[in-house]
Structures are given as C-alpha cells and as structure tokens.
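Working notes for the structure below.
The values are calculated or read from the model by the stated rules, or taken from the named source; none is laboratory data. Just so it is clear, the model here is predicted, and its values are computed rather than measured. Methodologically, a virtual Cβ is constructed for each residue, glycine included, from the backbone with ideal geometry; neighbour enumeration extends over all protein chains shown.
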Amino acid sequence: MSFYFPTKDECSQHNIFPGVNIWTCSVDKMMLSYVELAPHSIVAEHSHPHEQVGILLEGRAIFTIGGEEKLLSKGDMWRIPGNVKHRVVALEEPVKALDIFTPIRDDYR
C-alpha cells in the first residue's frame with residue numbers, strides 16, 4: 001500500500017443511497033470522491049456545510065442545485081457552496097463522477 005498512490009480497493013467505500021456508491025481519498029484539507037450511480041438511482045435532496053465541485057465522467061443525470069435544474073452529460077461540471085440543497089437523478093445508463101470536498105467529510109472517511 002502506498003500513501004501517495006492509493007488504489008480504489010484501499011479507499012474508503014460507502015453506499016450513500018440505493019444504487020449510489022462512492023470511494024474517497026483525502027489529505028488534510030480536501031477530499032476526492034469517485035461516484036458510481038446505477039441507472040435511475042437518486043441522490044436524495046440534501047445539504048452539508050462542505051463546499052463541493054465535480055465533473056461528470058460518464059452517463060447523463062439531472063442535477064438540481066439551489067432550486068436550479070439542469071441535464072448534465074460527460075464533461076459537464078458543477079459547484080455547490082456549503083449548505084445549498086442539491087439532488088441528482090441518474091438517467092437510463094450508469095453514471096460516473098468525481099467530486100472534491102473541502103473541508104473533508106468525516107462521514108465519508
């Protein structure tokens with residue numbers, strides 16, 4: 001195991017909603033989260049104090065952030081300030097995404 005080059009199997013893994021799995025890697029002040037959503041899975045509306053930015057790697061999903069809704073596809077990015085409500089609905093194919101959080105989320109460690 002390398003501190004500098006963790007494998008997916010060495011990362012912390014969580015099932016945060018049905019069909020939504022994340023793998024996280026962090027340092028002192030930021031966290032990377034690799035996310036896989038099954039077709040038609042939903043990240044229920046929620047908020048947290050952490051700032052979050054991300055990019056969609058595969059698939060298509062409907063994002064709702066702060067009441068604004070948009071269909072995102074590969075290469076599209078988002079930003080979510082702390083405490084802003086957000087929700088994600090995967091469409092007919094699997095979705096893969098990367099999220100970065102600051103400060104790190106202790107619940108995903």
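General observations
- Taking the criterion of being over 16 Å from Ser33 (Cα atoms), of a type outside the set (Gly, Ala, Ser) and outside any loop (DSSP other than H, G, I, E, B), the only residue of region 88-109 that qualifies is Val89.
- Residues satisfying the stated conditions in region 72-87, i.e. touching a His at 6+ places or on another chain (Cβ under 8 Å), at negative phi and part of a loop (DSSP other than H, G, I, E, B): Gly82, Lys85
- Candidate set: region 65-109, residues that are β-branched (Val, Ile, Thr) and in contact (Cβ under 8 Å) with a residue 24 or more places away in the chain; chosen: the one surrounded by the most Cβ atoms within 10 Å (Cβ to Cβ): Val95
- When residues of region 1-51 are limited to those that are charged (D, E, K, R) and surrounded by 10 or more Cβ atoms within 10 Å (Cβ to Cβ), the one nearest to Lys74 (Cα to Cα): Glu36
- Options Glu69, Glu45; residue that is outside any loop (DSSP other than H, G, I, E, B), touching a His at 6+ places or on another chain (Cβ under 9 Å), of a type in the set (Asp, Glu) and modelled with pLDDT of 95 or more: Glu45
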